[in-house]
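Undergrad: Take this structure first; my questions come after.
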Amino acid sequence: MAMRTRVTELLGIEHPIIQGGMAWTATWELAAAVSNAGGFGVIGAGHMPTDLLREQIRSAKRATDRPFGVNLMLLTPHIDDIVEMVLAEGVHAVTTGAGNPGRYMDALKAKGIKVLPIAPSVALAKRLESIGADAIIGEGMEAGGHIGELTTMVLTPQLVDALDVPVIAAGGIADGRGVAAAFALGAEGVQIGTRFMCATECVIHPAVKQRVLKAKDRDTVVTGYSTGHPVRVLKNKLSRQIEKLDSANRPDEIEALGAGRLALCMREGDVDMGSVMAGQCAAMVVSIEPAADIVHELVADAEALMRALGARVS
Ligand code: TUI
């Protein structure tokens, strides 16, 4: 059995495993490793300067001849420059996060770049489908980083019912059971972030990988509701300070306190005062291993489980 779907067809990949485009985390090393393993690697643009992102794309092209993509973080102030550069460099697909990519849709598609927006709700997903999205990544609130309100369990089937384009499930998926569950809900692919933080090729500071490895089930918290951009992080000193500002409804102070905190965590390894963005499934990540091993395990376990489930009904 192979897990061939409209998503593997669309992206020209072997396995329907898309790697989350995590800012300061998903660099070309990780993206190329995932793509070389037959999944879809994604470089996270985040707030990265345009020149640096261009170099990242070029490095990925040297490291793999397989398809890979870039995640556009739409809240970044220089997003217009970034999109212009991505159009010039060319990648197979972009995923988008934290906003509506509508104004870039036609230009990207005209260059043959597939557009896979991340949507946390059915209404936004339908709007994006109507203006040309090639697939929708439905991200549940189990995910790390900036999140919406619905869980993956309820969002995925509603997207599948509402859309004609394929749905990729994201949020809370870390092993073959999660992949099989997403497929049971009608998804034709999965996007996985947190598990790939602990890939050997992921360049984040080793202290962050250790923090993810030791995370337990209730170790994440969602902070920043008062800012309108809630983010899920692993609990630490910073998250407790932000929670206090949240309850006092002081969003401006949260924005000020939060600036630069993701890079402080992922690059410098400050897991106390940095922003340790990770999903609830951090608790399910138990080892550091090559990205290829992760991809192959996810697929082999999901396939075996789907076969076993078939055998269990009569
Ligand atoms: O984008 C993400 N995850 C992220 S972005 C990020 S950087 C950041 N840091 C602090 C505050 C805000 C951002 C860290 N993690 N995931 C995809 C995602 N997109 N989750 C939710 C959304 C989303 C939310 C609203 C997508 C569209 C949207 O639309 C609103 C609109 O404009 O209609």
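The values are calculated or read from the model by the stated rules, or taken from the named source; none is laboratory data. Computed from a predicted structure; not experimentally measured. With ideal geometry, Cβ positions are generated from the backbone for all residues, glycine too; neighbour counts draw on all protein chains shown.
Undergrad: Quick check on segment 150-176: of everything there that is within 15 Å of the ligand (Cβ to nearest atom) and more than 22 Å from Ser130 (Cβ to Cβ), which residue is surrounded by the fewest Cβ atoms within 10 Å (Cβ to Cβ)? It would help to see each step written out before you state the result.
TA: Step one: list which residues in segment 150-176 are within 15 Å of the ligand (Cβ to nearest atom), which gives 150-152, 155-156, 159, 167-173.
Keeping just the survivors that are more than 22 Å from Ser130 (Cβ to Cβ) gives 151-152, 171-173.
On the way: Thr151: 15, Thr152: 26, Gly171: 34, Gly172: 22, Ile173: 31.
If we take residues in segment 150-176 being within 15 Å of the ligand (Cβ to nearest atom) and more than 22 Å from Ser130 (Cβ to Cβ), then Thr151 is surrounded by the fewest Cβ atoms within 10 Å (Cβ to Cβ).
Here is a yes/no grid of residues against (1) within 16 Å of the ligand (Cβ to nearest atom); (2) of a type outside the set (A, V, I, L, M, F, W, C); (3) under 11 Å from Gly189 (Cβ atoms):
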| position | (1), (2), (3) |
| --- | --- |
| Leu11 | no, no, yes |
| Ile17 | no, no, yes |
| Glu29 | no, yes, no |
| Ala32 | no, no, no |
| Val42 | yes, no, no |
| Gly46 | yes, yes, no |
| Asp51 | no, yes, no |
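Undergrad: Further question on the same structure: If I ask for residues that are in a loop (DSSP other than H, G, I, E, B), under 22 Å from Pro16 (Cα atoms), more than 10 Å from the ligand (Cβ to nearest atom) and free of Cβ contacts under 8 Å to residues at least 40 places away in the same chain, which ones from segment 123-149 would you list?
TA: Filtering segment 123-149 down to residues in a loop (DSSP other than H, G, I, E, B) leaves 131-135, 140-144, 147-149.
With the extra rule that they be under 22 Å from Pro16 (Cα atoms), the set shrinks to 132-135, 140-144.
From what's left, more than 10 Å from the ligand (Cβ to nearest atom): 132-135, 142.
Those that are in a loop (DSSP other than H, G, I, E, B), under 22 Å from Pro16 (Cα atoms), more than 10 Å from the ligand (Cβ to nearest atom) and free of Cβ contacts under 8 Å to residues at least 40 places away in the same chain: Gly132, Ala133.
Undergrad: Here's something else I'd like to know. Looking at segment 171-187, can you tell me whether even one residue there is within 26 Å of Thr227 (Cα to Cα) and assigned to a helix (DSSP H, G or I)? Quick ask: steps written out before the conclusion?
TA: Pass one, segment 171-187, residues within 26 Å of Thr227 (Cα to Cα): 171-172.
From what's left, assigned to a helix (DSSP H, G or I): none.
No, every residue in segment 171-187 fails to be within 26 Å of Thr227 (Cα to Cα) and assigned to a helix (DSSP H, G or I).
Undergrad: So how many residues does segment 12-47 have that are aliphatic (A, V, I, L, M), over 15 Å from Ala199 (Cβ atoms) and under 16 Å from the mean Cα position of the chain (by Cα)? So that I can check it myself, show each step before the final result.
TA: Going through segment 12-47, the residues aliphatic (A, V, I, L, M) turn out to be 13, 17-18, 22-23, 26, 30-34, 37, 42-43, 45.
Subset that is over 15 Å from Ala199 (Cβ atoms): 13, 23, 45.
Adding the requirement that they be under 16 Å from the mean Cα position of the chain (by Cα) leaves 23, 45.
Within segment 12-47, residues that are aliphatic (A, V, I, L, M), over 15 Å from Ala199 (Cβ atoms) and under 16 Å from the mean Cα position of the chain (by Cα) number 2.
Undergrad: Based on what the data block shows, is Pro157 part of a strand (DSSP E or B) and modelled with pLDDT of 95 or more?
TA: Details: part of a strand (DSSP E or B): no; modelled with pLDDT of 95 or more: yes.
Answer is no for this residue.
Undergrad: A follow-up question, please. What are the pairs with Cβ atoms under 7 angstrom where one residue, in segment 96-109, is within 18 Å of Val42 (Cα to Cα) and touching a residue at least 40 places away in the same chain (Cβ under 8 Å) and the other, located anywhere, is surrounded by 17 or more Cβ atoms within 10 Å (Cβ to Cβ) and not small (Gly, Ala, Ser)? Sequence gap at least six, or different chains.
TA: Sorted first by the residue in segment 96-109, then by its partner, the pairs are Gly97/Asn71; Gly97/Met73; Gly97/Leu74; Gly97/Ile118; Gly97/His146; Ala98/Met73; Ala98/Leu74; Ala98/His146.
Undergrad: May I pose another question? Name the helices (runs of 4 or more DSSP H) wholly within segment 215-314 that hold at least 3 residues that are buried (at least 21 other Cβ atoms within 10 Å of the Cβ)? Spell out how you get there, then give the answer.
TA: Values: elements: 237-247, 251-258, 261-266, 291-312.
The qualifying helices (runs of 4 or more DSSP H) are 237-247, 261-266, 291-312.
Undergrad: Next up: Could you tell me whether segment 52-63 includes any residue that is surrounded by fewer than 21 Cβ atoms within 10 Å (Cβ to Cβ) and in contact (Cβ under 8 Å) with a residue 40 or more places away in the chain?
TA: No, every residue in segment 52-63 fails to be surrounded by fewer than 21 Cβ atoms within 10 Å (Cβ to Cβ) and in contact (Cβ under 8 Å) with a residue 40 or more places away in the chain.
Undergrad: Look at segment 93-122 and say how many of its residues are within 16 Å of the ligand (Cβ to nearest atom) and either within 15 Å of Val167 (Cβ to Cβ) or in contact with a Cys (Cβ under 7 Å, 6 or more places away or on another chain) (or both).
TA: Quick first cut of segment 93-122, residues within 16 Å of the ligand (Cβ to nearest atom) only: 93-105, 115-122.
Filter once more, so that each one left must be either within 15 Å of Val167 (Cβ to Cβ) or in contact with a Cys (Cβ under 7 Å, 6 or more places away or on another chain) (or both): 95, 115-122.
Qualifying residue count, segment 93-122: 9.
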